[in-house]
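Structure first, commentary second.
The values are calculated or read from the model by the stated rules, or taken from the named source; none is laboratory data. None of these values were measured; they are calculated from a predicted model. Here the Cβ positions follow ideal geometry from the backbone for every residue, glycine too, while neighbour counts run over all protein chains shown. The area values use the complete protein model at the heavy-atom level, side chains included, leaving out ligands, DNA and RNA. Shrake-Rupley method; radii C 1.70, N 1.55, O 1.52, S 1.80 Å.
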Amino acid sequence: QVQLVESGGGLVQAGGSLRLSCAASGRTFESYRMAWFRQAPGKEREHVATISWNGGNTYYKDSVKGRFTISRDNAKSAVYLQMHSLKPEDTAIYYCAAGNKGYYSASAGYRYWGQGTQVTVSS
């Protein structure tokens, strides 16, 4: 069992930066692939970034490549999403997820989810 709690969201102007954090509880955190998804109002939830269990592999949605960086600290049972050059279209609720099945960008492959943190980017 893994419980996830996101933090770090907020209101930022376009071009600004935010760092999201996801704190995990449970002794098996290091065995899970971790990901960030987001959902904007009226839109489906979409994959943003994934990191493998040891941080050796990362995957990003095309529109965030070069602007967002996912990282993890297994000693702290935490995963992060550093976001730079934010755009209004990045506005969404961001969710942290843990799982090990299926394709890395498919939400069905993630068993555990946080409650989400709101990111709002003003133009």
Practice prompt. Can you work out the accessible area per residue across region 6-119, with the rest of the protein chains kept in place, probe 1.4 Å, in square angstrom?
Written response: 51 Å²
Discussion item. Place a point 7 Å from Cα of Lys61 in the direction of its Cβ. Which residues in region 85-101 have their backbone N less than 14 Å from it?
Written reply: 86-97
Discussion item. Student exercise: in region 1-107, how many lysine pairs 8 or more apart or on different chains have Cα atoms under 17 Å apart?
Written reply: 4
Worksheet item: Rounded to the nearest 10 Å², what accessible area does Lys87 show when all protein chains are kept and the probe is 1.4 Å?
Response: 80 Å²
Worksheet item: Got a sec? What order do Asp90, Asp73, Asp62 fall in by accessible area at 1.4 Å, biggest, i.e. largest, first?
Response: Asp62, Asp73, Asp90
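Where the accessible area of the chain is counted over protein heavy atoms with a 1.4 Å probe, how much of it, in %, is carbon and sulfur?
47 percent
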Response to the item:
Scoring region 19-123 by relative contact order with C-alpha pairs under 8 Å, at least six apart, yields a percentage of 29 percent
Item to complete: Rounded, prolate or oblate: pick one for region 73-123, where a ≥ b ≥ c are the square roots of the eigenvalues of its C-alpha gyration tensor, a/c under 1.5 means rounded, and failing that, prolate if a/b is larger than b/c, else oblate.
Response: prolate
Worksheet, complete the sentence: In this structure, the FRET efficiency calculated for Asn74 and Ser25 from their beta-carbon separation, with R0 = 22 Å, to the nearest 0.05, is 0.95
Worksheet entry | Residue of Ala35, Ala24, Ala75 that the Gaussian network model of the chain assigns the largest fluctuation, springs spanning Cα pairs under 10 Å | Ala75
Discussion item. Just to verify a number: what accessible area does Thr120 come out at with the full protein assembly present, 1.4 Å probe, Å² rounded to tens?
Written reply: 50 Å²
Discussion item. Please check: in the Gaussian network model of the chain (C-alpha springs, under 10 Å), which one of Ala78, Ala108, Ala98 has the largest mean-square fluctuation.
Written reply: Ala108
Worksheet item: With Cβ to Cβ distances under 10 Å as the rule, what net charge do the other residues near Val2 carry (K, R +1; D, E -1)?
Response: +2
